[in-house]
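Below: one structure, written as structure tokens.
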Amino acid sequence: MSYSELDLHCYVRDLEEHLKLTLFGGGASHPEAAVLLVRGALAAGDGSKAAELASATEQLAAIKPGDPGLTAVAAHVRGLVDRNPAALHHAASMYPAPAGRAWALEDAGAAWAERGRQDDAVARLRQAHALYEQLGDAASTARVRSRLRAAGIRIRHWTQPARPAFGWDSLTDSERQIVDLVAQGLSNQEAASQMFLSRHTVSFHLRSIFRKLDVSSRVQLARVAADRHWTGAGGQAGTTIR
């Protein structure tokens, strides 16, 4: 086995353990782990494992019909296993949050490209690219640009004005959405479910938000958000409130 193959198998193994602990283990639900895991299994050439995990995700969605994110994930992973671009496009429409829609659209674009349907591939990838840009996800935006270049399409990468290091204007779109959710009293897990992110990702963003807004607690963050909404777009939310 080559080093790259070994890395892929380790990736799948680690994701499987994560999935057991979070998605199927009775703990906090992280449905996006199923997408990562199925992607990893397929990348490793383990179609049987990918199909098994997709079936398990579908079973979980069936017993939790009130979870639209999980329902979308189940459709997403089935589309991945079947390499069905139309199913992946439909899964994108089912996601309640833009991050999930972007994932599924990107996968739909890749699946159309595999079938030689370049026009359809480019259309889906452009949609994914636009969503990733809205989310401020630079890594995913760059990845989709690479996919589009492979299809012969170049998207100009406009240089954005330098973002300030501190204050409200320093926050990305995703960070501002997290501020709004936390200010409403949602826990990290509840905010993660709303945004189709893992709890750990929300925690990471919160640490960045606290640093940028110079606050040290969720109560202070809620006050900053309230001040921001009260003063309007021209207000200065980044002032210290200790």
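The values are calculated or read from the model by the stated rules, or taken from the named source; none is laboratory data. The model shown is predicted, which means the values in this text are computed figures rather than measured ones. Cβ atoms come from the backbone with ideal geometry, glycine included; neighbour counts cover every protein chain shown.
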(request) Within segment 48-55, identify whether any single residue is at pLDDT below 90, closer than 17 Å to Leu131 by Cα and of a type outside the set (S, T, N, Q), and answer yes or no. (result) no
(request) Inspect segment 81-89 for any residue being modelled with pLDDT of 90 or more and outside any helix (DSSP H, G or I) and give the result as yes or no. (result) yes
(message) It is to be established whether one or more residues within segment 212-235 are at pLDDT 85 or above, under 21 Å from Pro164 (Cα atoms) and among the hydroxyl-bearing types (Ser, Thr, Tyr).
(response) yes
(request) Could you tell me which numbered condition His30 fails, if it satisfies all but one of (1) outside any helix (DSSP H, G or I); (2) modelled with pLDDT under 85; (3) surrounded by fewer than 17 Cβ atoms within 10 Å (Cβ to Cβ)? (result) (3)
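Could you run through segment 111-120 and say how many residues are over 20 Å from the mean Cα position of the chain (by Cα) and small (Gly, Ala, Ser)? First the steps, then the outcome.
At the first step, the residues of segment 111-120 found to be over 20 Å from the mean Cα position of the chain (by Cα) are 112-120.
Add one more test, that the residue is small (Gly, Ala, Ser), and what stays is 113, 116.
Adding up the residues that qualify gives 2.
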(message) Just the residues that are in contact (Cβ under 8 Å) with a residue 60 or more places away in the chain and either outside any helix (DSSP H, G or I) or of a type in the set (Ser, Thr, Tyr) (or both), please, taken from segment 90-121.
(response) Tyr95, Pro96, Ala97
(message) If I ask for residues that are buried (at least 20 other Cβ atoms within 10 Å of the Cβ) and not in a helix (DSSP H, G or I), which ones from segment 168-214 would you list?
(response) Leu171, Phe196, Leu197, Ser198
(message) Cβ contacts < 7 Å: first residue at pLDDT 70 or above, restricted to segment 134-160; second residue in a loop (DSSP other than H, G, I, E, B), any location; separation 6+ or different chain. Result?
(response) Gly136/Thr172; Arg145/Ile155; Arg145/His157; Leu148/Ile155
(request) Take the residues in segment 95-110 that are buried (at least 24 other Cβ atoms within 10 Å of the Cβ) and within 11 Å of the chain's Cα centre (by Cα), then tell me which one is nearest to Gln127 (Cα to Cα). (result) Ala102
